[in-house]
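Laboratory data are not the source of any read-out in this text; all were calculated from the coordinates shown. All figures in this text were calculated on a predicted structure; none of them were measured in a lab. Virtual Cβ from ideal backbone geometry, glycine too; neighbours counted across all protein chains shown.
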Amino acid sequence: MPSIRVLAEREEKGVRFTSGHTLCAGCAEPMVVRTVLNAIEDPVVVATPTGCLEVATSRFPGTAWNVPWIHVAFENAAAVISGVEAAYKALKKKGLIDKRVRFVVFAGDGGTYDIGFQALSGALERGHDFLYVCLNNEAYMNTGVQRSSATPKCAAATTAPVGEVIPGKPQERKDLTEIVAAHGIPYVAQAAVSHLIDLANKVERAMKYEGPKFINVLTTCPLGWRTPRDSAIQQSKLAVETRYWPLYEVIEGRYKINYKPKERVPIEEWLKTQGRFRHLFRDPRGKELIAQIQAEVDRRWELLLKKEQCFGVGD
Amino acid sequence: MRKAITGHKAVAEAMRQIEPDVVAVYPITPQSEIAEYYAEYVHNGLVRTELIPVESEHSALSACVGAAAAGGRVITATSSQGLALLVEVLYIAAGLRLPIVMALANRALSAPINIHCDHSDAYLARDSGAIQIFAESAQEAYDYMLMAQRIAEDMRVRLPVVVNLDGFTLTHTVQPVDLLDDAVAKAFVGEYKPYAPLLDVEHPVTWGAFAMTDYYFELKRAQQAGMEAAPAVFLEVQREFAKIAGRPYAGFFEAYKLADAEYVLVVLGSTAGTAKVAVDTLRARGMRVGLLKPWLWRPFPAQEVAAALAHAKVVAVLDRALSFGTMGALFEDVAAALYPLEKRPILVNYIYGLGGRDTTVPDLIRVFEELPHVARTEWALRYIGLRE
């Protein structure tokens, strides 16, 4: 498993994702991207749909990518990487390429949960050999914090504002990790930017499998979450501690929860630190809404424990 | 070798001979049989192509863009709503200068939903930056699929090429088609030389960068240069193909009994075949009529079209799609082409064949017979075979 030293050494040997991009101060995305790329030893080709990462790293004539990289549109990164991977197989058959090359998508939650969902499902079903990393910051941050199907219930978003009648997003977030797992692909995981070694380990384990691999990474966003710019790691850590964002894997259909918080930290500990939930602590309806959020967190955690119990990998 | 085959099979045979690295395709009437034939070739081991049976046309062209940027030779095919779904990516393929060839089995766009031929799908992609070629027959569809590969991949051009063939009329009818020997076809198409491929991992490139007010304009102007180079490349490739295949291709369009014609039809695709019979019928009666059938529609060979039509008295341009709120797109191309001439023919625009409405020889004879009575260029549509 790659230690911090190994990751750092690989970065020293050849920087794959360089500084000089224009992602916001305090954005968690570069940490995830660098960790994932450094956890893979083979050469990689990266595809990224439209979004923060794309806009901030590829402004012509500059680029932050020191690996082959492609952006085509918002909804099609999984289809684009399917084509890249198919061309690789074709050229390999012809003997025009002999190296082992790995294929990685970095996409936001909008490009994954919503507009890119069909292309993702298609690519998973066809079984292309690639790793799809969702940089899940829980809203359309690039276009100004509009709600996505990854946005948590009650969070304020510009298309789900806190109004006199409706307090933020009325719906629960989609459980995409489980939907991806239902495709029966060899490797599915949830990770978080606060647990980078866990993420690196997951990438390394994922790359041992032939076929589609998917990692959903909670990637905090100070702009959209309305949190201090130096709090990305704490925010992410609290999401894990409150069991809002469990770290787990589904390897060939077998569940493994990587970290079980010893004590049950109430969800409001996480909610109260973020501007997008501030209204819950001012509005008279807030208490009831927080109870609903807590109930859903508990329900999903219990379900996950049961899945691990029934379909676990064992120790 | 001459074979009696459908337009589908003719396109699929050209694809088999080209043997692209990747084919990504999604079924839609009346294109599906192209995908089906090619899947048979792949599953029977006749070709080494990686077939991607995608979940939509949008993903079909997206996968083609990925594969082409990776360094592969790629082909796809679609029709109608499929074109409408993927047209976003067609603009991007052109902007990224990717030489993707696409067969388009022309079919009417919804609503109302319809499966039969018109050119509303091709017209939707008119300004996409893709080169567009129209075939009159299965033979031409086969020939231009092979030529399209060379035109698309020429470094002076590097653009996607759409080969249009009329849905059902050409795709589903059995016609005699002369196929080149595999070795001859393969030698004509040649080996693909990718440019800055993603899979050259030693030399990483950024494809699909973000360009703002400071660079976007220049990059789009550079794309226009590819389009401007296309006519000369088209003629070079066509000349070479005509020689090896022994076919009478010479120019951007076919001029049928045009040199001394007073009354002329301009029409795309299979209706040109019907028009030739109408021309012959009226010529036998002593009427000086002729036909101009563009093979190359985008880029539009305006100067050559103007020169070929300058002597005519009345030119009827037939459009198989409405461009709502204005005249037919082909009419506007021809009108713009003729504008610089001091002495211009009178122009009239007919809309025909929407949603597969049959256009017959008597229909086109009636059009020709109307032309001597057209006194001045009309900026109003006429319709063929429409119940008012």
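Positive end of the dipole of chain B (Cβ unit charges, origin at the Cα centre): among B:Thr360, B:Gln139, B:Pro112, the Cα lying farthest that way belongs to B:Thr360. Taking the charge dipole of the protein assembly as shown about its Cα centre, with +1 at Lys and Arg Cβ atoms and -1 at Asp and Glu Cβ atoms, the residue from A:Leu223, B:Ala67, A:Leu96 reaching farthest to the positive side is A:Leu223. Mean residue ellipticity at 222 nm, helices only, chain B: -12500 deg cm²/dmol; runs of at least 4 DSSP H residues each add -39,500 (n - 2.57), and the sum is divided by the number of residues. Counting only residues at least eight positions apart within a chain, or on another chain, the aspartates and glutamates with an alpha carbon under 20 Å from that of A:Lys306 are A:Asp175, A:Glu178, A:Glu241, A:Glu249, A:Glu252, A:Glu263, A:Glu296, A:Asp298, A:Asp315.
For the protein assembly as shown, the Cβ-based charge dipole about the Cα centre amounts to some 720 debye (Lys, Arg positive; Asp, Glu negative; other atoms uncharged).
Membrane-span-like helices in chain B (whole DSSP H runs, Cα extent of at least 30 Å along the helix axis, mean Kyte-Doolittle hydropathy of at least -1.0): B:216-245. Basic side chains Lys and Arg get +1 at the Cβ, acidic Asp and Glu get -1 at the Cβ, and with that the dipole of region B:253-383 about its Cα centre reaches some 160 debye.
Residues considered: A:Ser148, A:Ser19, A:Ser231. Largest GNM mean-square fluctuation over chain A, using C-alpha springs under 10 Å, is found at A:Ser19. Within region B:268-347, list the chymotrypsin sites (Phe, Trp or Tyr not before Pro) lying in a DSSP loop whose Cβ has at most 14 other Cβ atoms in a 10 Å radius. For chymotrypsin sites (Phe, Trp or Tyr not before Pro) across region B:268-347 that sit outside H, G, I, E and B with at most 14 neighbouring Cβ atoms in 10 Å, the list reads B:Phe324. With the charge dipole of region B:253-383 set up from +1 on Lys and Arg Cβ and -1 on Asp and Glu Cβ about the Cα centre, the Cα lying farthest toward the positive end among the listed residues B:Ala261, B:Val315, B:Ala337 is that of B:Ala261. Among B:Val25, B:Val42, A:Val165, a tally of other beta-carbon atoms within 10 Å of each Cβ gives an order, fewest to most, of A:Val165, B:Val42, B:Val25. Bridgeable aspartates and glutamates around A:Lys13 (alpha carbons under 15 Å apart, same-chain partners fewer than 8 residues away excluded): A:Glu41, A:Asp42, B:Glu202.
Note on chain B: Rg/Rh from C-alpha atoms, Kirkwood Rh, equals 0.97.
Within a straight-line Cα-Cα reach of under 26 Å, B:Lys3 can be paired with the following lysines, leaving aside sequence neighbours fewer than 8 residues apart in one chain: B:Lys186, B:Lys243, B:Lys276, B:Lys293. Among beta bridges from DSSP that stay inside chain B, the antiparallel ones total about 25%. Volume per residue of the convex hull around the Cα atoms, evaluated for region B:253-383, comes out as 99 Å³.
Remark on region B:192-233: hydrodynamic radius 12.7 angstrom, per the Kirkwood mean of 1/r across alpha carbon pairs. Charge dipole of region A:150-215 (Cα centre as origin; +1 on each Lys and Arg Cβ, -1 on each Asp and Glu Cβ, all else neutral): 80 debye, rounded to the nearest 20.
Among the trypsin sites (Lys or Arg not before Pro) in region B:34-131, those placed in a DSSP loop whose Cβ has at most 15 other Cβ atoms within 10 Å are B:Arg48.
Ordering B:Arg158, B:Arg387, B:Arg366, A:Arg173 by the number of other Cβ atoms within 10 Å of each residue's own Cβ, fewest first, gives B:Arg387, B:Arg366, B:Arg158, A:Arg173. Neighbouring Cβ atoms from other chains, within 10 Å of the Cβ of residues in B:20-30, number 3 on average. Its Kirkwood hydrodynamic radius, worked out from the mean inverse distance over all distinct Cα pairs, puts chain A at 19.9 Å. Computed as a quarter of the hull surface, the mean projected area of the alpha carbon convex hull for the protein assembly as shown stands at 34.7 nm². The angle between the Cα long axis of helix A:77-93 and the longest principal axis of the Cα atoms of chain A comes to about 20 degrees, rounded to the nearest 10.
Between the helical axis of A:286-311 and the longest alpha-carbon principal axis of chain A there is an angle of about 40 degrees.
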